[in-house]
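Q: Quick one: this structure, given as C-alpha cells, is what I'll be asking you about.
Taken together, the values in this text are just the output of simple stated rules run on the coordinates, not laboratory data. Bear in mind the structure is a predicted one, so any value in this text is a computation, not a measurement. Reconstructed Cβ throughout: ideal geometry from the backbone, glycine too, with neighbour counts over all protein chains shown.
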C-alpha cells in the first residue's frame, strides 16, 4: 500500500511537472489493468481512491468507453486482407508524387497519431493550413477533418493524396503505380476478391479506412473507470472529471471520443486571440457557405490529447494547460482558477492509452514499369 | 512435386517480368525454409535442381551467410535496453530541426532500408548529393557512406542529424530535446546504467547503432545455399552465381554482404556515363585527398539489391539489369550477353530476404520544456 501510494505521488509529481512519460504515468499502470476483464477484481492497480457512485453515474451518462473493436464503416466490411493491404498503403510514400510522403508522415502512429508540428509539412516542404488531427480513434468521429468535410475515413483518405501541399498526387498516377507492382496487385485481389478490377483509387481508400479501424486505444484509465473500476482515476483526476462535466466542457466533448460528434462555433462567448483562431480560416463556413457556420469547427476529440500537442486547428498552443484555459474563456466564459484548470488537465491525462501493436509492413518492390518519383 | 514445379515456374515468370512480389517469389519460399536448421532435410522447399558440389565450394570460398545475430560493434556492447532506445531514436523526427525527418525517413525499414528516390529528400525538401544506402546489414560493412568516411554506424548516425540538407540539427539541440522528455531520460538511464549523465549525442549514436545491429536479413535463398541447401537457388540463379564469380564480379563483391568491404575505382576499364558517375562527385578523393582515390567508392553491398532501386551513388539507374550491364562494362570490360546479364540479375534476386519483425515504437511525449520545431 505504501508502495502504491509512493508510485502514485511520484506519478502525479511527474504529471504536474508537464507531460509525464507515458510508460510511467498512472495512466499506463491503470491502462494495463484495464485490459484485464473489468470484473476481475483485484487485478486492477488502483490509481486513486474509490470514486463516488454519483460521479461514475454522471460520467457514464455522458461518455462511453472505447470498444475493443470498432464497428465496420458503412459500405466497407473489414477483413484481415483489407487491413493488411491498408497498412501497406498507409506506410507507403509512393502514394505521393515525390515518393516519400505517406499517411504516416503526418499521422505518425508512434507519436499519438500526429506529427507534432503546428501544421503539417508536405510536398516541397510546404505547410498545410491546419494542424493534423490524430488518426487514433478517428473511426469514432462523426466526420473527418476539422470542418467535417469528409463524411468518413475512406473519403478523408483521398484528400491528402491529392492536395498540392500534402502528397501532391493524382488518382490516375496512384492507380498506375499500384497496378505496376505485383505485390500490390495480389494484395488488392485478396482484399477485394469479388471484383474484376480491384486495384483502384476507391479501393485504396477503403483499405486504408479498414486499417484505420484498428487504430484504436481502448486501454486508457478513463475506459477502466467507465467500465466500473472506481479507483482507475487519481483523486485529482476525479476532481478534474467533475469540473469537466459541471463547467460545461462535456456539453461538446462527450461520447466515446469526448468530442468529434458535432459542430460548434469556436468562440461561443469570447473570440479567441487571432494567433489561436486565425481570422482567415472561417472553419465550416467553407463547407456549407452558411454565415451560421463562420468559425464553426467539429468539437475536437480529446482521446490521447496529452500526447498530441500542439493544439487547436492553428496548432499554435503547445501547453495543454493553456488550451484548457483558452477553452474555458472562449467557450464557457468561465475564468478557470489555476487549480481548476490543472485538475481538468490532469483528468485529460487519464485519456491517454498505449498504442496498439503495429508491425512495420514490408512494402511491395517496385517494378520496372512503376512510375518514377515526380522529378526522379 | 507438380505443384512445386508449377509454383517455381510461375515465380520465375514473375521474376523475369521484373521484380516479383517478395512474398510470392521463390526467394521468400526458400527463405522461410532456411530459417529451419539447415540439417532438417525435407523442410526445405526446393527452388531448383541440386547444385554441383563444385559450385557450392566455389561460393563458400568467396561468400559467407548472414549470421542470425550480428557481433557487437567495437566499443558498444549491445543490450536489450540500448536496442529499445535506439529504435525510438531511429523513428523520432524530433532529432531533426523541423521535427519531422527521422532516420527512417530515408532508410525506410519497410522499403528495403532505403527511400526509393535517386537522392534523399531532406530539410526544406532539399536533395542530398548521393543515393541513400540501405540500413539493412550495414553493420557488416567495413565502413559507412559511399566513400567510407564514417568508420562505423555510430559515427554514421551523427552525420545526417547535423547535415543541412538532411536533418539540419545540432548536437546541442538534440541533447536539450532528449533531456526534456522524461520518457527519453528513463530510456537513456536504462541503456547506459553506469553513466552519471547518460543523455548525450554520443549515446544517441551508440543506441542507434545498437538498434541497427538488429536490422539484418539472414533469410535469403543464398544464405540457405551457403549453409548447404544445394537446391535453394533456381537453375538460372545457379548459372548467374557461376557467371558472377567467373566474370569477376565477386572480386569486389564478396564476403557476407557481397560488397561493403573495400574500395575500388568506379570505372576500372571504362568511365561510366556522366549521368551514372557525375564528374563533380570524385568519391573517396574527398576523404583522403589522394589522386589515387578519384572516383573511388566502397564496393556497394548487394544484399537485398533487387529491393533497393535506384542504383549507384547517383541513383540514376532504375533497372537492376541495366546496373549489371553497366558494371560489366565499366569494371570488367566485359560486354555481357543479354542472357548472361539476365542470369546474374536473377541470381541477385536470391539475395533478397524477408525483413525482421519491427514493432513500431511508441515515442516519448514531449514536455513543456521540449524545444519547439525550428519554425514552429
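Q: Considering every residue in A:109-120, what mean count of other chain Cβ atoms within 10 Å of its Cβ is obtained? Before the final figure, lay out the partial values.
A: Details: counts 5, 13, 12, 4, 0, 0, 5, 12, 10, 5, 1, 1.
Mean number of neighbouring Cβ atoms from other chains: 6.
Q: Ok, one more. Which angle from 0 to 90°, rounded to the nearest 10, does the C-alpha axis of helix A:235-246 make with the longest principal axis of chain A?
A: 80 degrees
Q: Right, another one. How many percent of DSSP beta bridges within chain A run antiparallel, rounded to 5?
A: On the way: 7 of 9 bridges.
So the antiparallel bridges in chain A amount to around 80 percent.
Q: Another question, if that's okay. Hey, quick one: spin label on residue A:368, modelled 7 Å out along Cα-Cβ, who in segment A:183-203 has an amide N within reach, i.e. under 18 Å?
A: So the set is A:183.
Q: Starting from the Cα of residue B:125, step 7 Å along the direction of its Cβ; do the same at residue A:127; then give the gap between the two resulting points in nm.
A: Those two pseudo-labels are separated by 1.5 nm.
Q: Okay, moving on. Mind giving me the FRET efficiency for residue A:227 and residue A:72? R0 is 30 Å, r the Cβ-Cβ distance, nearest 0.05 is fine.
A: So, using R0 = 30 Å, E works out to roughly 0.85.
Q: I need the fraction of alpha carbon pairs in chain A separated by more than 32 Å, rounded to a whole percent.
A: For chain A, the share of Cα pairs beyond 32 Å comes to 36 percent.
Q: Any chance you could give the angle, 0 to 90 degrees and rounded to 10, that helix A:338-349 forms with the longest Cα principal axis of chain A?
A: 50 degrees
Q: Using the Kirkwood formula over every pair of different C-alpha atoms, what hydrodynamic radius in Å results for segment A:163-226?
A: The Cα-based Kirkwood calculation yields 14.0 Å.
Q: Still on this model: Over the Cα atoms of segment B:239-371, what is the Rg over Rh ratio if Rh follows Kirkwood?
A: That ratio is 1.11, to two decimals.
Q: Still on this structure, please answer the following. Give me the distance between the Cα centres of segment B:315-376 and segment B:98-121, rounded to whole Å.
A: Here the two parts' Cα centres lie 11 Å apart.
Q: Can I ask one more? With contacts defined as alpha carbon pairs under 8 Å and 6 or more residues apart, what's the relative contact order of segment B:84-206 in percent? Walk me through the numbers before you get to the answer.
A: Values: 178 pairs, mean separation 27.5, N = 123.
Relative contact order, segment B:84-206: 22 percent.
Q: For segment B:80-212, take N as its residue count and report Rg(C-alpha) divided by 2.2 N^0.38 Å.
A: This ratio for segment B:80-212 stands at 1.00.
Q: For chain B, calculate the relative contact order in percent as a whole number, restricting contacts to Cα pairs under 8 Å that are 6 or more residues apart.
A: For chain B, the relative contact order is 24 percent.
Q: Across peptide A:315-325, how many C-beta atoms of other chains are within 10 Å of each residue C-beta, on average? Don't skip to the end; give the middle numbers.
A: Details: counts 1, 1, 0, 5, 2, 1, 1, 1, 0, 0, 0.
That works out to 1 on average.
Q: If you bin every alpha carbon distance in segment A:49-136 into 10 Å steps from zero, what whole percent lands in each bin?
A: Answer for segment A:49-136: a P(r) of 14, 30, 27, 19, 9, 2 percent.
Q: Once every DSSP H run of n ≥ 4 in the protein assembly as shown is given -39500 (n - 2.57) and the sum is divided by its residues, what mean residue ellipticity at 222 nm do you get, rounded to the nearest 500 deg cm²/dmol?
A: The helix contribution divided over the protein assembly as shown gives -10500 deg cm²/dmol.
Q: By how many degrees, between 0 and 90 and to the nearest 10, does the Cα long axis of helix B:171-180 differ from the longest principal axis of chain B?
A: The angle comes out at about 70 degrees.
Q: Provide the convex hull volume over Cα atoms per residue for segment A:128-200, in Å³.
A: Cα-based convex hull of segment A:128-200, divided per residue, equals 120 Å³.
Q: Describe numerically, in nm with one decimal, the distance between label points set 7 Å from Cα along Cα→Cβ at residue A:197 and at residue B:246.
A: With each label placed 7 Å out from Cα toward Cβ, I get 4.9 nm.
Q: Follow-up. Work the Kirkwood hydrodynamic radius out for the protein assembly as shown: mean of 1/r over every pair of different alpha-carbon atoms, inverted, in Å. Walk me through the intermediate numbers first.
A: Working: mean 1/r = 0.0363 Å⁻¹.
Kirkwood hydrodynamic radius for the protein assembly as shown: 27.6 Å.
Q: How shielded is B:354-360 by partner chains, expressed as the average number of their Cβ atoms within 10 Å of its Cβ atoms?
A: If you average over the peptide's residues, the count of other-chain Cβ atoms is 5.
Q: Students often check this: by mean Cβ neighbours within 10 Å, which of A:333-341, A:117-125 ranks highest, and how do the rest follow? Don't jump to the answer; show the numbers that get you there.
A: Numbers: A:333-341: 14.6, A:117-125: 21.6.
The peptides rank, most packed first, as A:117-125, A:333-341.
Q: Using the basic label-point model (7 angstrom from Cα toward the beta carbon), what is the residue B:54 to residue A:54 distance in nanometres?
A: Placing both labels 7 Å along Cα→Cβ, they lie 9.4 nm apart.
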